[in-house]
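The values are calculated or read from the model by the stated rules, or taken from the named source; none is laboratory data. These figures come from a predicted structure and were not determined experimentally. Cβ atoms come from the backbone with ideal geometry, glycine included; neighbour counts cover every protein chain shown. For the accessible areas, the whole protein counts, side chains as well, though only heavy atoms, and no ligand, DNA or RNA atoms are used. Shrake-Rupley method; radii C 1.70, N 1.55, O 1.52, S 1.80 Å.
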Amino acid sequence: RAGLIHVPRSPPRPFANMSGYLAESSYGKIKIRVMKVNRPASGRHDVHEVTVQTMLWGDFADSWTNGSNKKIVATETQKNTVYQLAKQHDLESIEDFGKLIAKHFLNKYNWITKTQITLTEEPWGRIEVGGKEHNHCFTKTTSEKRYAQVTMSRGAPAHVVGGIENLIVLKTTMSSFIGFVGCPTGHVKEDEWTTLKEAQDRMFSTAVEAKWTYSSDTAPFTTCYNKVKDAFLTTFAGDPVKGVPSPAAQGTQYDMCQAALAANNPHIADITITTPNLHYMPLSSLTTPAHMHAPNNDVFYPIDGPSGYITSKSALRKAKL
């Protein structure tokens, strides 16, 4: 009839009888951006800008193997769900918001067996006017982002991971790099490919990225996040006047994790951390002519790479029975 669109039936699946099979499948929605404004009666507003990713597992393999969408919860529906649930939550803890979203999908659709919700929060800080924090005006004051991932299977408690991304730190002194392979005190004193000279004192900068596993899905998530960040910063920096030596970037990374675990015992079970080097090269390097060298080692230029990349995982020592 006029005005109707004819949709032809799907042709036979060309690989239906092949020896391969669908081993695993999931789908979801990425880049769901949410800005939540909390407006309490006091007039002191709060804002939380979060990007959400939803992923679903369940009994919908037919969509892959037979082209059937009967049990597919559209990704547009998933996006709408996040916005509607944001109306019910203050987003003070993105981990708790992730749990709310994960539970919703499991409770509403009985053929979904597992959900994974990943969230990243942008930093907003209050503007100060005359030394006083403003009630409803904000600015982006820092570079780091808060991270969370909630994985929930039907009939099981949530597995919650917290994290921090792009926490940029720098010390202008009290960092050294000596005694490595190819140096007189190294394990191997001569190495034909080692050209780097020992540095008794250098700049040390990195963009910390860390993810930690919570011991339970009821941990005080926001408190733990703040304690991890504080432990990282205070351990890296040391005393505000004297500082603290960093003889090895690996050692500083390890100390940061140990401090964070101690501050959050027993709520955090383990921490995985990466600290890629952010290099600031002195003008006395071989890439500049001698007449441009800075005699006081006070002028540097940043480079994007190549750069060192250091990672480790530290775990809370289990108490003996």
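Conditions tested, residue by residue: (1) in contact with a helix residue (DSSP H, G or I) (Cβ under 7 Å, 6 or more places away or on another chain); (2) open to solvent by 20 Å² or more (accessible area, probe 1.4 Å); (3) assigned to a helix (DSSP H, G or I).
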residue	(1), (2), (3)
THR51	no, yes, no
MET55	no, yes, no
LYS79	no, yes, yes
GLU92	yes, yes, no
LYS103	no, yes, yes
LEU106	no, no, yes
LYS114	no, yes, no
LEU119	yes, no, no
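Any idea which residue in the range 235-261 is least open to solvent (accessible area, probe 1.4 Å), counting only those that are part of a helix (DSSP H, G or I) and β-branched (Val, Ile, Thr)?
Step by step, filter the range 235-261, then rank; the result is THR252.
Scanning the range 195-211 for residues that are of a type outside the set (A, V, I, L, M, F, W, C) and either within 27 Å of ILE268 (Cβ to Cβ) or at pLDDT 95 or above (or both) returns SER205, THR206, GLU209, LYS211.
The selection criterion, being at pLDDT 95 or above and out of contact with any strand residue (DSSP E or B) (no Cβ under 6 Å at 6 or more places or on another chain), does not hold for TYR214.
Would you confirm whether or not the range 291-303 contains a residue that is touching a Phe, Trp or Tyr at 6+ places or on another chain (Cβ under 7 Å), in a helix (DSSP H, G or I) and either open to solvent by less than 60 Å² (accessible area, probe 1.4 Å) or not hydroxyl-bearing (Ser, Thr, Tyr) (or both)? No: the range 291-303 contains no residue that is touching a Phe, Trp or Tyr at 6+ places or on another chain (Cβ under 7 Å), in a helix (DSSP H, G or I) and either open to solvent by less than 60 Å² (accessible area, probe 1.4 Å) or not hydroxyl-bearing (Ser, Thr, Tyr) (or both).
For the condition within 30 Å of THR120 (Cβ to Cβ), assigned to a strand (DSSP E or B) and modelled with pLDDT of 95 or more, VAL228 does not qualify. I want to confirm something. Restricting to the range 216-250 and keeping residues that are over 25 Å from LYS171 (Cα atoms) and among the polar types (S, T, N, Q), which single residue is nearest to the chain's Cα centre (by Cα)? If we take residues in the range 216-250 being over 25 Å from LYS171 (Cα atoms) and among the polar types (S, T, N, Q), then THR222 is nearest to the chain's Cα centre (by Cα). Of all residues in the range 121-157, how many are open to solvent by 40 Å² or more (accessible area, probe 1.4 Å), in a strand (DSSP E or B) and farther than 26 Å from ALA207 by Cα? Matching residues across the range 121-157 total 9.
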